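The values are calculated or read from the model by the stated rules, or taken from the named source; none is laboratory data. Just so you know, these numbers come straight off a predicted model, no measurement behind them. Here Cβ is always computed from backbone atoms with ideal geometry, including for glycine, and neighbour counts include all displayed protein chains. When the accessible area is computed, the model is the full protein with side chains, heavy atoms only, and any ligands, DNA or RNA have been set aside. Shrake-Rupley method; radii C 1.70, N 1.55, O 1.52, S 1.80 Å.
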Amino acid sequence: MTGRIILFERLTRWHLPVVAWYHLRGDSIYYRSCAAGCEPARWGGAIAQFEGTPPLYRGVNGATDQAFDHIEALYARAYAQQGIIRLLRNLYGSDEIHLAFKKALLKELSEFYYCRLLAERIQRAHPQGRHIFLVPADLGQPERQRAWADVLPAAAMGETHLPPWSFPCWVRLAGLMRSLQERLVAAGILVRVLARAIRGLLRPSRQPSVHTYDVALTIVAWRRQLHDNLRSAGFLIDGRLITRDRVLLVPLIRLTRRQIAWLAGRALQVSPTPLRASRATCRQALGAALRLIGQLPRQAPWLLRTAAHLIEAFCIWRAFTERYRIGRFVTHADHGIGHIARNILLKQQGSAVWSYVDSGNLTYLHPHAEAAAPRYELWGFLYYDVMVCWNAAMVRYFQRHHQHVERYEIIGCLWSEHVRLLREGTLPMAVRQQLLTRGWRPGQPVVAWFPTWYQADNLTDHHDGLAFAQAIQQLLTELPDVFMVVKEKHQRWLFAKHPVYGGPEARRIYEAYEQLERHPRCWLPGPTANASEIVAASDLVISFPFTSVTVEAMAGRVKAIYYGPHGRYRGAHYDRIPGMVVHSGDELKHRVAQLLHETSADEYDRYLTQYAKGEVDPFLDGQALTRFRTLLAGAARDDTPEALPSALAEARGSS
């Protein structure tokens, strides 16, 4: 052996030639994860998987915390006075544009520290190695390490006594090509801006008519929001507090003509895209784009890309504000740098910008002290007037992310009201008839299962996903009187073929779901099925930690638990609630039997009131949507002590 260690973060078929070369040289070759079709057996035993102790998960690790700890100092010293950033500050007329550059830098800095953590992990595992070569999945890593290794303070750079590591020459060359590619991407964005601005200047000048709406709701995911289900694009419209004629739908994604027609057929008003900007806006964007083009060969790719996106966003959203006057602009799952650009312009116009949380699956729920929960770059530097959250713990977690949010509002689990209304019969429930056609017999207990996204190198990996699917198979055998419903999180084919979500073990999850679909007492309605209807039709809900559906069910007074295979979630935030999280197959079987056959509805209500109220949901009354609509409509809230739990009062005081 040569003493050289090679670590591939993500092994793909493209790596076959270099793996063969390293093997011929006698190097030790490891990989963190592999793409579908790259099983270790195919490499002739030349490689081995590197696990690392403790595990280093993508997205949930100490790298982002290090980035948060050092970003303000780095930004102030190296970037705050950059000419590009001053250019964008002048374009927007607001110092808040710094938040967009900080957010972009945060992502880059998180990747920088993740690379160093990964290198240190393998160095500790192989102290005998003469030299360690890292092949990152992100070919931008060599550029980051070169740019910041001498800029960041020594205390932030990790341990220095470890054996040396570097990138192979071919990775550094590929990194240069990646840098060129990112500059070309920025150039392409600027070309779009130039074309749009020039067209705007050549067209005849005219004053656009201005339309006023009380509320604007964004469309961010067509697969979920453009279906006839309870969570469609206009779900907040109730005809009383929020009326259809006072709501404008604003697509943040490109819609097809068919999708626009679908919305129009439901009397929903949609903002057309793209909107024509005024000549003044076109002149401003044109001047900024021309100045940025001169910086393309010199500046860091991330800085160029961010500035180009912000100039394009200026064109888009200034044109929007010239056409519309919005009282409250409401969005969700909208955390990129573009939201900062848009919100600056909307707030300058006098609009209030709101964001609501549509999922409760956040990292503070995982096993660690709440104050030490790993931060996540997605939540960093958010810029909103109001953030609508589910509970006080969620607010405290968000407040650790350098957010610029004026007010946090707590309403409880957003989707629980649908569950309550469905169970009361106020809303129609088509899933009952669908269950009958799938073999369910009236009176037969229904257990609904909700998996999550699984990904290699992630806290929720394929190993856990397979164990979750096998638990469903096991309980189908052991509980012959129970009917099972499995609501998949995404399209099943991703397990078999997707380069990220696929892989050898993911293929086994795919095969397990195929077997479940053939079982006479199991129904898989697909990923687009309405989760609230399935919850409302069920006697028990079981979801993978910490998918929101269990919280949704409990807040709607439906029996629910989390099942975390392999005991990985012991000591988690919700594990403090007795019986809410189960950790093994035996525990699962016992808890399912207990809830189905030994716990009455009244007993479960008392359990929720004693243990879950305040922790899971401050209200547990299935009225979150009504609270949200009341807030949006500006109506007075009932802030009596009974309606305002101490958790909500505490969260308001801390915000």
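Odds and ends about this structure:
- Test: residue in the stretch 181-201 that is in contact with a Gly (Cβ under 8 Å, 6 or more places away or on another chain), touching a residue at least 60 places away in the same chain (Cβ under 8 Å), closer than 30 Å to Asp138 by Cβ and not in a strand (DSSP E or B): yes
- Some residue of the stretch 352-361 being out of contact with any Cys (no Cβ under 8 Å at 6 or more places or on another chain), among the polar types (S, T, N, Q) and within 21 Å of Lys613 (Cα to Cα): yes
- Qualifying residue in the stretch 318-326 (condition: among the acidic types (Asp, Glu), touching a helix residue (DSSP H, G or I) at 6+ places or on another chain (Cβ under 8 Å) and under 26 Å from Ile85 (Cα atoms)): yes
- Cβ-Cβ contacts under 8 Å between residues 6 or more apart (or on different chains), taken from a first residue in the stretch 490-513 that is over 21 Å from Trp449 (Cα atoms) to a second residue that is β-branched (Val, Ile, Thr), are listed as Pro499/Thr12.
- Counting only residues that are part of a loop (DSSP other than H, G, I, E, B) and open to solvent by 40 Å² or more (accessible area, probe 1.4 Å), the stretch 90-105 holds 3 of them.
- One residue from Ala308, Ala313, Ala319 being over 16 Å from Leu252 (Cα atoms) and out of contact with any strand residue (DSSP E or B) (no Cβ under 7 Å at 6 or more places or on another chain): Ala308
- Qualifying position, being buried (at least 20 other Cβ atoms within 10 Å of the Cβ) and under 30 Å from the mean Cα position of the chain (by Cα), among Ala496, Ala469: Ala469
- Which numbered condition Ser359 misses (of (1) assigned to a helix (DSSP H, G or I); (2) of a type in the set (Ser, Thr, Tyr); (3) open to solvent by 40 Å² or more (accessible area, probe 1.4 Å)): (1)
- Residue within the stretch 144-167 that is under 18 Å from Ile5 (Cα atoms), surrounded by fewer than 19 Cβ atoms within 10 Å (Cβ to Cβ), at pLDDT 85 or above and not β-branched (Val, Ile, Thr) present: yes
- Test: residue in the stretch 453-463 that is over 20 Å from the mean Cα position of the chain (by Cα) and among the hydrophobic types (A, V, I, L, M, F, W, C): no
- Residue that is surrounded by the fewest Cβ atoms within 10 Å (Cβ to Cβ), among those in the stretch 220-237 that are under 19 Å from the mean Cα position of the chain (by Cα) and in contact (Cβ under 8 Å) with a residue 40 or more places away in the chain: Arg223
- Test: residue in the stretch 357-366 that is in contact with an Asp or Glu (Cβ under 9 Å, 6 or more places away or on another chain) and at pLDDT 95 or above: no
- Inter-residue pairs, beta-carbon under 9 Å, first surrounded by fewer than 10 Cβ atoms within 10 Å (Cβ to Cβ) and in the stretch 252-265, second outside any helix (DSSP H, G or I), 6+ apart: Arg254/Thr273
- Residue in the stretch 536-543 that is small (Gly, Ala, Ser), more than 21 Å from Thr460 (Cα to Cα), in contact with a helix residue (DSSP H, G or I) (Cβ under 7 Å, 6 or more places away or on another chain) and open to solvent by less than 30 Å² (accessible area, probe 1.4 Å) present: yes
- Residue tally, condition over 15 Å from Gly634 (Cα atoms) and in contact with a strand residue (DSSP E or B) (Cβ under 8 Å, 6 or more places away or on another chain), over the stretch 231-243: 2
- Looking only at the stretch 56-85, and only at residues there that are more than 26 Å from the chain's Cα centre (by Cα) and small (Gly, Ala, Ser), the one that is farthest from Tyr364 (Cα to Cα): Gly83
- Hits in the stretch 46-89 (condition: within 13 Å of Phe101 (Cα to Cα), part of a loop (DSSP other than H, G, I, E, B) and in contact (Cβ under 8 Å) with a residue 24 or more places away in the chain): Tyr79, Gln82
- Of residues in the stretch 190-211 being small (Gly, Ala, Ser) and more than 29 Å from Val247 (Cα to Cα), the one surrounded by the fewest Cβ atoms within 10 Å (Cβ to Cβ): Ala195
- If you go through the stretch 532-573 and pick out every residue that is touching a residue at least 60 places away in the same chain (Cβ under 8 Å) and either of a type in the set (Gly, Ala, Ser) or within 20 Å of Thr363 (Cβ to Cβ) (or both), you end up with 27.
- Scanning the stretch 346-384 for residues that are charged (D, E, K, R) and in contact (Cβ under 8 Å) with a residue 40 or more places away in the chain, we see that the one that is farthest from Thr321 (Cα to Cα) is Glu370.
- Restricting Arg400, Arg432, Arg407, Arg441 to those that are out of contact with any Gly (no Cβ under 7 Å at 6 or more places or on another chain), of a type in the set (D, E, K, R) and closer than 30 Å to Pro136 by Cα reduces the list to Arg400.
- Filter pass, Gly571 being touching a Pro at 6+ places or on another chain (Cβ under 8 Å), in a loop (DSSP other than H, G, I, E, B), surrounded by fewer than 19 Cβ atoms within 10 Å (Cβ to Cβ) and modelled with pLDDT under 95: yes
- Residue match in the stretch 457-467 (condition: at positive phi and part of a loop (DSSP other than H, G, I, E, B)): yes
- When we screen Leu11, Leu56, Leu16 for residues that are in contact with a Cys (Cβ under 6 Å, 6 or more places away or on another chain) and at pLDDT below 90, the only hit is Leu11.
- Taking the listed residues Arg423, Arg441, Arg400, Arg407, the one that is open to solvent by 30 Å² or more (accessible area, probe 1.4 Å) and either in a helix (DSSP H, G or I) or under 22 Å from Leu230 (Cβ atoms) (or both) is Arg423, with no other qualifying.
- Residues of the stretch 574-612 that are more than 20 Å from Gly556 (Cα to Cα), hydrophobic (A, V, I, L, M, F, W, C) and surrounded by fewer than 17 Cβ atoms within 10 Å (Cβ to Cβ): Ala593 alone.
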